[in-house]
1. In the neighborhood of A129, defined by Cβ-to-Cβ distances under 12 Å, what is the net charge if each Lys or Arg adds +1 and each Asp or Glu adds -1?
2. Give the span of region 140-193's Cα atoms along each principal axis, as three whole-Å numbers ordered largest to smallest.
3. How big is the charge dipole of the chain about its Cα centre, in debye rounded to the nearest 20, if each Lys and Arg gets +1 on its Cβ and each Asp and Glu gets -1 on its Cβ?
4. How big is the C-alpha Rg of region 30-73 next to the rule-of-thumb value 2.2 N^0.38 Å, as a ratio?
5. Which one of Y93, T229, G186 is farthest out on the positive end of the charge dipole of the chain, using unit charges on Cβ (Lys, Arg +1; Asp, Glu -1) and the Cα centre as origin?
6. Please state the relative contact order of the chain as a whole percent: Cα pairs under 8 Å, 6+ residues apart?
7. Looking at the chain, how many pairs of lysines come closer than 24 Å at the Cα, when each pair is eight or more places apart or spans two chains?
8. Can you check how the C-alpha radius of gyration of region 173-288 compares to 2.2 N^0.38 Å, as a plain ratio?
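Just so you know, all these numbers are worked out from the coordinates, no wet-lab data involved. Since we're looking at a predicted model, the values are computed, not measured. Reconstructed Cβ throughout: ideal geometry from the backbone, glycine too, with neighbour counts over all protein chains shown.
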Amino acid sequence: MEPIVQTEKLNHVYSAGTPFQHAALVDVDFTAYQGEYLGVIGHTGSGKSTLIQHLNGLLKPTSGRVLVEGKDIWENKAATRQARFRVGLVFQYPEYQLFEETVYKDISFGPKNMGLDEAEINRRVREAAAFVGLPDSVLEQSPFELSGGQKRRVAIAGVIAMEPAVLILDEPTAGLDPVGVEQILGNIRDYHKAKNATIIIVSHSMEEMARTVDRLVVVNDGRIPFSGTPRDVFAHGDELEQMGLGVPRMTRVFHRLKAMGVDVDPSVYTIGQAKSAILDALNRKGAL
């Protein structure tokens, strides 16, 4: 797979030279690949939000480089502007940023800034609305008449309408009920499949990440201690717990079984894997 977004020895210091100086990122080497579904996980204050704000140029590095499609995004103003269109960022609770008088105008804000013609803007607005499950009838309504879940969809559609190669979502399911969570995750999956886009989801929910992503990057104290498949990362259950990151409940059960001397794979994180691990253990004991 080709790298699409990278950081090289990325450092970010807040309030440099003051008593409040704080290193939020320390020599971070991060890579997201073309077309992958990536999870970034870390507790509050770990540096994960600072990291993603560097990926589309909202923050400028104290030192180090950010590359989008191999190009340093701070090389010149044109490169920075291009990076902001190629890498779309949906903040936590993005519905608070809606401001236009109709849903259509809100979704079209980004494409208009890209200088596209009306026909292309119209195509993108309607396609983005469809991706997030909003019917055409909603487009002429005020976004402020919609439910919380629908407002969230409008905000996500506004970023999708720019057709970014990389879509970053910061806690996209925060505050939603279980049905809303599944719907939003389904919408994001649809965009991922249709556009072969790179998806980066930021969360502190291990359960959600375990079910959703292909690869996980753990951020802690401004560094990346672990990255890999969910199975690889959850194998570090004890260290993750020490970082304040609860591993999935299923993983916790199997770590406990292993600690009690049961010969099972402790990196289990789904019910299907749990069933297989138990059957394998029983087979090894000759109990089946």
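1. On the way: positive: R123, R124, R126, R153; negative: D106, E127, D136, E140.
Every neighbour counted, the sum reads 0.
2. 31, 27, 17
3. Dipole of the chain, to the nearest 20 debye: 420 debye.
4. 1.22
5. Selected residue: T229.
6. Averaging sequence separation for qualifying contacts and normalising by length gives 21 percent for the chain.
7. For the chain, qualifying lysine pairs total 19.
8. Values: Rg = 16.2 Å, N = 116, 2.2 N^0.38 = 13.4 Å.
So region 173-288 has a normalised radius of gyration of 1.21.
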